Amino acid sequence: MAHNESAVRTRRQFLTGVGVVGAAALAGCQSTGDGGSGDGLSGSIDIAGSSTVFPLATTMSEAFRGDDFGEPHSNVDFNMQSTGSGGGFANHFCPGSTDFNNASRPIREQERQQCADNDVEPVELTVATDALTVIINNDLDIDSITVEELATIWSADEQPELWSDVNSDWPDEPLELYGPSDASGTYDYFIESVLHSGDEERSHRQDYSGTEQDRTIIQGVEGSQYAMGYMGYAYYSTNKDRVKALAIDDGDGEPVEPSLETARTGEYQPLSRPLFTYPAKSSLAEEHVAEFARFWLENSTSEQLVAEEVGYVPLDEETQQEQLDVLETAIEEAQS
């Protein structure tokens, strides 16, 4: 049964504002334990990691528990934390404390080693595509930016203080910067795609307001005329009236605005990126965990869930099948 427009809008407003405590509380409140509708699956699922993937994971967990997208699994509880990709791997998933780690960049070799040291085997699953979005205050009269200008702004080596230090046409006013913390996969991806995009490999400046809460980035940029920030597209897409997204010029003189369509076609470069979730193979031995992983991938092509409700690009059917094959092999190995 499809949601009506107001239901979709309400869900997306929730995703924009909910924090770690709110998500955990929601999961607890949804846990009925009263013999309500369901198919007999029960248990808890612990998920940490990327703030970018957090709203997608939250939407999928709600859909899994409800009855709009198949059999309801109302006796499965979710404990969800937005910790950043790296923070989730290091502090929760690789030590064996969570069943899934969401990530906005691939797992690193040292993280794989930490997982291996604790007998945790991550299974990499691609779940969507994001258009990493650079935002500024609505009152700042700038519409686009080159990758080189973006790299200069965020470079620890150059560390410009004024907008006009980067482009003489820009205001002679101090830069005020907001972005994800260094535990974030978005932070890592920004370094790789922007700061390492030219001949130099610049370091990310540290004199900015870093946070794992994307809504805090929105609030900071909205509240200061000369502010800039960056985050996943989903958070921008639900706050388009509060901040302005910059079109990105990848060097050809033709700036491209972030959108689901430009991310889908590959025009939005270099800031289109895959998003991941990593179930622990041992957790897939539990039927309720395996069923949720299947459900997520089976609905990863859903325009309604992935695009309309969250704001990411769904998988195409070929990629979905590839990911399902990876998952089914892992489930079979875990349960044999």
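The values are calculated or read from the model by the stated rules, or taken from the named source; none is laboratory data. On a predicted model such as this, the values are computed, not experimentally measured, just so you know. Every residue, glycine as well, gets a Cβ built from its backbone with ideal geometry; the counts of neighbours run over all protein chains shown. Each accessible area value is taken on the protein alone, full model and side chains, heavy atoms only, with ligands, DNA and RNA left out. Shrake-Rupley method; radii C 1.70, N 1.55, O 1.52, S 1.80 Å.
Run the dipole for the chain about the Cα centre, Lys and Arg Cβ at +1, Asp and Glu Cβ at -1, nothing else charged, and hand back the magnitude in debye, nearest 20.
The calculation lands at about 1080 debye.
Select from ALA63, SER97, ASN79 the residue farthest towards the positive end of the dipole of segment 34-116; place +1 on Cβ of Lys and Arg, -1 on Cβ of Asp and Glu, and compute about the Cα centre.
Farthest towards the positive end: SER97.
Report the FRET efficiency, 1/(1 + (r/R0)^6), for SER42 and GLU200, where r is their Cβ-Cβ distance and R0 is 56 Å, rounded to 0.05. It would help to have the intermediate numbers written out before the result.
Values: r = 54 Å, r/R0 = 0.96.
So, using R0 = 56 Å, E works out to roughly 0.55.
So, in Å, what gap is there between the alpha-carbon centers of segment 258-316 and segment 104-133?
14
How many angstrom lie between the C-alpha centres of segment 146-214 and segment 34-102?
Distance between centres, Cα-based: 33 Å.
Using alpha-carbon pairs under 8 Å, 6+ residues apart, how would you state the relative contact order of the chain in percent?
23
For the chain, taking Cα atoms only, what is the radius of gyration to one decimal and the Dmax to the nearest whole Å?
Final numbers for Rg and Dmax: 20.1, 66 Å.
Would you mind checking which residues have amide H under 5 Å from ASP249's amide H? H placed 1.01 Å from N; only 5 or more apart, or other chain.
Under 5 Å from the amide H of ASP249: ILE145, THR146, VAL147, VAL256.
Between GLN110 and GLU303, what is the label-to-label distance in nm when each label sits 7 Å out along the Cα-to-Cβ direction?
Each label point is offset 7 Å from its Cα along the Cβ direction, giving 4.4 nm.
Which residues does a label at GLN225 reach in segment 173-204, if reach means a backbone N under 12 Å from a point 7 Å past the Cα toward the Cβ?
Inside the label zone: 173-174.
In whole Hz and in residue order, list the ³J(HN,Hα) couplings for segment 120-134 that follow from phi through the Karplus curve 6.51 cos²θ - 1.76 cosθ + 1.60, θ = phi - 60°; x for Gly and Pro.
Working through the residues one at a time gives 9, 10, x, 10, 7, 10, 7, 10, 5, 10, 10, 10, 3, 10, 9 Hz.
Pull up the DSSP beta bridges for the chain and report the antiparallel fraction as a percent, rounded to 5.
Here the share of antiparallel DSSP bridges comes out near 60 percent.
If you roll a 1.4 Å probe over the heavy atoms of the protein chains, what accessible area per residue do you get for the chain, in Å²?
Working: 13630 Å² over 336 residues.
I get 41 Å² per residue for this part.
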